[in-house]
Amino acid sequence: MSEVTVHPVSAEWADKALIGAEAYAEKYRRSLAEPDAFWAEEAKRLDWIKPFTRVKDTSFNVDDFRIRWFEDGTLNLAANCLDRHLADHGERVAILWEADDPATPGRRITYRELYAQTCRLANALKAQGVKRGDRVTIYLPMVPEAAVAMLACARIGAVHSIVFAGFSPEALGGRIDDCASDVVITADEGRRGGKTIPLKANVDAALEHHAPNVKSVIVLRHTGADVPMVAGRDIDWADAVAGQPGDCPPEEMNAEDPLFILYTSGSTGKPKGVLHTTGGYGVWVSMTHEYTFDYRPGQIYWCAADIGWVTGHSYVVYGPLANGATTLMFEGVPNFPDHSRFWQVVDKYGVEIFYAAPTALRALMREGDDWVTRTDRSTLRLLGSVGEPINPEAWEWYYNVVGGGRCPIVDTWWQTETGGHMITPLPGATALKPGSASTPMFGVQPALVDGEGQLIEGAAEGALVITDSWPGQMRTVYGDDERFFQTYFSTFPGYYFTGDGCRRDEDGYYWITGRIDDVINVSGHRMGTAEIESALVLHDLVAEAAVVGMPHDIKGQGIYAYVTTIAGTEDSDDLRRELIQWVRKEIGPIATPDVVQFAPALPKTRSGKIMRRILRKIAENDTGNLGDTSTLADPGVVDDLLANRPES
Ligand code: PRX
């Protein structure tokens, strides 16, 4: 290991932060020693309709498995994000919106305006027949109406399922089907990096083969493109809300009632509908947003994630709005119209807290410092990183060039399943080590286990598990409790298994080393290798496919696909291109394979199991040491793969 540079907490941060080193140690101790008292106190950050009398009721053991927090309390999370802010700061800006094209005027939506828009849409949804517990699929670009749609669902107790606007009609249709939504909310088109995305056309295509129960499609006019409307099914957002009252009583939800479903990739099968509930999630995202970002009301805060991912749910919408923050939503991309865009937006709005994924930072770093240094950025006081490991080089660049050496970086490790930050520095409490997510959030008990499931202590490397529940934990896989238990609690009985490998150093800092299951992390987005393989084998000429991750300078990991075509097929470059397009069509551009290698056969054991370890080594170009190949049915297969490895 090369020497680690430690950045101690500055005197100013130690002095002014909400949580200093001593407070962290004391609160952390208390959160584990007296969880009921600790969480009852933290839960006061939300307004409850009926206070809870029970706090934590959880067990990860097979016999009495349950995850319940604040279970007899009732509340409404949309009311917590809106109504309670109106009396004292209704005129504060809730959402700042910056369009894809810098020439398009931005928008500033106050809490009062957001409240009225949410209530109108909530009433419109009711008029469409949406009831408490119904699922609503949202397929929208990064526009304030996406937050309005989420909050409108939460207000009436409907469960939203957001599908990232970069997903294909196939992927969208599958997700609508899985949760049996009968309403879809979309826009005519999205805009990103100067290009348009045909959202309404994608919904139409998705509904051709899927989701027979979809009764209405609400269409936001965003670009104004002329899109066909299906009579009796499609309705203009403006028409839907016209005449609807600007007040809508919030539904009284139980703490354990579902808030949303968000599909994410796992190591097997189709994407899982991660289900989050109301009370625990609300407490978790509000608390972590406040402490991790040292958030104080009135500060301008920007999380650059899309609402299609969990980061957008927790840290663009629910966490910041619960805390009365001003949250910036950006429709565009970091490099359009040029590589200064992020920093121009920071200057335009006076952003103080900026939170983004390492992949964007690495891409910008490559373009040179000048794009950054020509901007001011003096308003920045804190930087955040999320979604994948940040390499120390990118960390130092972020710290020194973007942050001018003044701003701590919070490298937040968490997952769709965890709802919010689990392991992260706190800016006033934690000395920073570039590349380490550092220390656990209150109530989080990380541990490392070896291959036999035994806990390992001290400085060590192993599989990362969490030994007890925390309020923001997912409650189930939608419609499949058994899959939930099997996926997360059966590998290491009694623990929540994260799927990540991790090292703990002598100071107790955690260093995430990446996924150790068949999930790859491409530009901070999770992809199941099985999902890409299923897409490939749907092609008529593909007999078999195996997909693994490969190192990629910008994306963190790239997608390397081995494809065996059916006998008699010509394995041409044209076919390679066609297969790449095919996967884009089946899943979406984020799943585009970086390399397709034709393989007459895949390396298998005698029992027919593909040896992915070997495929990974070849993809990584680490071919000197392929390990033990003696169990292969036909070792010659490997020689062929090595001889025909395409240049990547
Ligand atoms: O491998 C870890 C990686 O992203 C996975 C979770 O992906 P997803 O559910 O899509 O959520 C992304 C946004 C929270 C984790 O299992 N990951 C996330 N954050 C970090 C990370 N790896 C290293 N460092 C991080 N800060």
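The values are calculated or read from the model by the stated rules, or taken from the named source; none is laboratory data. For clarity, every value in this text was computed on a predicted model and none was experimentally measured. Cβ coordinates were reconstructed from backbone atoms using ideal geometry, including for glycine residues, and neighbour counts include every protein chain displayed. In case anyone asks, the SASA skips ligands and DNA or RNA and just uses the protein heavy atoms, side chains included. Shrake-Rupley method; radii C 1.70, N 1.55, O 1.52, S 1.80 Å.
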Q) Any chance the stretch 329-345 includes a residue that's of a type in the set (D, E, K, R), closer than 30 Å to Glu189 by Cα, open to solvent by 10 Å² or more (accessible area, probe 1.4 Å) and free of Cβ contacts under 8 Å to residues at least 60 places away in the same chain? A) yes
Q.
All but one of (1) surrounded by fewer than 23 Cβ atoms within 10 Å (Cβ to Cβ); (2) under 30 Å from Asp480 (Cα atoms); (3) of a type in the set (Gly, Ala, Ser) hold for Ser286; state the number of the condition that does not hold.
A. (1)
Q. Of the residues Glu256, Glu251, which is over 17 Å from Gly173 (Cβ atoms), modelled with pLDDT of 95 or more, assigned to a loop (DSSP other than H, G, I, E, B) and in contact with a helix residue (DSSP H, G or I) (Cβ under 6 Å, 6 or more places away or on another chain)?
A. Glu251
Q: State whether one or more residues within the stretch 61-79 are basic (Lys, Arg), in contact (Cβ under 8 Å) with a residue 24 or more places away in the chain and in contact with a helix residue (DSSP H, G or I) (Cβ under 8 Å, 6 or more places away or on another chain).
A: no
Q.
For the condition of a type outside the set (S, T, N, Q), open to solvent by less than 30 Å² (accessible area, probe 1.4 Å) and within 16 Å of the chain's Cα centre (by Cα), what is the one hit in Ala304, Ala322, Ala360?
A. Ala360
Q. In this structure, does Thr373 turn out to be farther than 30 Å from Gln415 by Cβ and in contact (Cβ under 8 Å) with a residue 24 or more places away in the chain?
A. yes
Q) Got at least one residue in the stretch 164-175 being closer than 21 Å to Ile95 by Cα, open to solvent by less than 10 Å² (accessible area, probe 1.4 Å) and either charged (D, E, K, R) or out of contact with any strand residue (DSSP E or B) (no Cβ under 8 Å at 6 or more places or on another chain) (or both)? A) no
Q. Taking the stated definitions as given, is Thr311 surrounded by 24 or more Cβ atoms within 10 Å (Cβ to Cβ) and β-branched (Val, Ile, Thr)?
A. yes
Q. Of all residues in the stretch 198-219, how many are of a type outside the set (S, T, N, Q) and crowded, with 18+ Cβ neighbours inside 10 Å?
A. 12
Q: Tell me which of these Asp639 doesn't satisfy, since it passes every other one: (1) modelled with pLDDT of 85 or more; (2) surrounded by 12 or more Cβ atoms within 10 Å (Cβ to Cβ).
A: (2)
Q) Name the pairs whose Cβ atoms lie under 6 Å apart, with the first residue in the stretch 298-311 and assigned to a helix (DSSP H, G or I), the second among the hydrophobic types (A, V, I, L, M, F, W, C) and open to solvent by 10 Å² or more (accessible area, probe 1.4 Å), and 6 or more positions between them or separate chains? A) Thr311/Ala305; Thr311/Val386
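Yes or no, residue by residue, for (1) closer than 23 Å to Phe342 by Cα; (2) away from the ligand (no atom under 11 Å from the Cβ); (3) open to solvent by less than 20 Å² (accessible area, probe 1.4 Å):
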residue: Asn391; (1), (2), (3): yes, no, no
residue: Glu396; (1), (2), (3): yes, yes, no
residue: Tyr399; (1), (2), (3): yes, yes, no
residue: Gly403; (1), (2), (3): yes, yes, yes
residue: Ile409; (1), (2), (3): yes, no, yes
residue: Thr424; (1), (2), (3): no, no, yes
Q | Selected residue (only one of Ala40, Ala17, Ala25 is open to solvent by less than 70 Å² (accessible area, probe 1.4 Å), assigned by the TED database to the domain that holds Asn335 and over 24 Å from Tyr318 (Cα atoms)) | A | Ala25
